[in-house]
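Colleague: I am attaching a structure below and will ask some questions about it afterwards.
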Amino acid sequence: MIDHGRGGLKALPFVFNVNYHVFVGGIMTQDTQAQELKQPVGIYILALLFMLAPLGNIIVSFAGSGVVNWYYPAEFLELVKTIPIADWLWLAGIFIAGFSLLMRHKSAWLIAVISLLVVLAMNTYRAFTIDDTVINPDFVRVQILISILVTFSVLIIAFYARYPYLDRRQQWMFPTAHRYDVKSPVIVHTGGELAGLTESVSTAGIRIRLAKEADGLKGKTEVEFTFSELPGLKKVKAEVIEFSGDVLRLKYKHFGWGARGVLEAWLKSKNG
């Protein structure tokens, strides 16, 4: 509740506490082997709730302030002026987190996580330093602690639900490389040579369907492979993003602009 210079805004747990366990089940148990990116419906719902939470906090705080006719425009604006800067900061952080989660890019989701961490830190500080002159301070502390717990739960969801909802091949600061559905033979070098066929190729990564299951790839974090149709390219070093049976997903490492240009030109010619 706004205490007009003393207590600031109450944290609004009910806005966040919308069966987040349902979202955990819906998000974290999806089939990660699906070839197409999945729609993060649960995250979108949470994002909208985060964007609505600041207004919800303000309305609930004003409604419980004891001010008569608080909902009249003139009175409402006067109450808005009493909101401390610190409260505006964490309310803005919640809104920014929600807006960022609506964008399917790992940089945007990183901004959301950082914003939530800032809000989490601010609410934790308020929980332990709240002014005891506030009406019913214990109740306010409980609300803040619940808000902290729910925010932390959402942080976990945002972190572990990155894939398969975000493209593994995304660059942090650049647009996502275009994927080409090209089928071309490759050789994966793992001490021996494993034949495979590409299913999806971009200038950032590749998905390979191996000719047979390869137990020798289990536990490996890096491999090298060559494009049979591109003898001009040397062995490509890559990070193993996912390995399951005969499906291998890789992200290129130390793949220079020259090699990217050669690969891009070849991919365009295959789709031309």
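Bear in mind that the values in this text are calculations on the coordinates, not laboratory data. This structure is a prediction, so every number in the text was calculated from the model and none was measured. We place every Cβ from the backbone using ideal geometry, glycine too, and count neighbours over all the protein chains shown.
Colleague: Could you tell me which of rounded, prolate or oblate describes the stretch 68-132, using a ≥ b ≥ c as the square roots of the eigenvalues of the alpha-carbon gyration tensor, with rounded for a/c under 1.5 and, failing that, prolate when a/b is larger than b/c and oblate otherwise?
Modeller: Because a/c hits 1.5 or more and a/b fails to exceed b/c, the stretch 68-132 counts as oblate.
Colleague: Would you mind getting the Kirkwood hydrodynamic radius of the stretch 180-272 from its Cα pairs, rounded to one decimal in Å?
Modeller: That comes to 13.1 Å for the stretch 180-272.
Colleague: Loop only by DSSP, 14 or fewer other Cβ within 10 Å of the Cβ. Give me the chymotrypsin sites (Phe, Trp or Tyr not before Pro) in the stretch 35-102 that pass, ordered by residue number.
Modeller: TYR71
Colleague: List the lysines whose Cα lies under 29 Å from the Cα of LYS106, skipping any in the same chain that are fewer than 8 positions away.
Modeller: LYS106 reaches LYS38, LYS183, LYS218, LYS220, LYS235, LYS237, LYS251, LYS253, LYS268.
Colleague: At 7 Å along Cα-to-Cβ for each site, give me the label-to-label distance between TYR125 and VAL262 in nm.
Modeller: 5.3
Colleague: To the nearest 0.05, what FRET efficiency results for LEU77 and LEU48 with a Förster distance of 22 Å applied to their C-beta separation?
Modeller: 0.30
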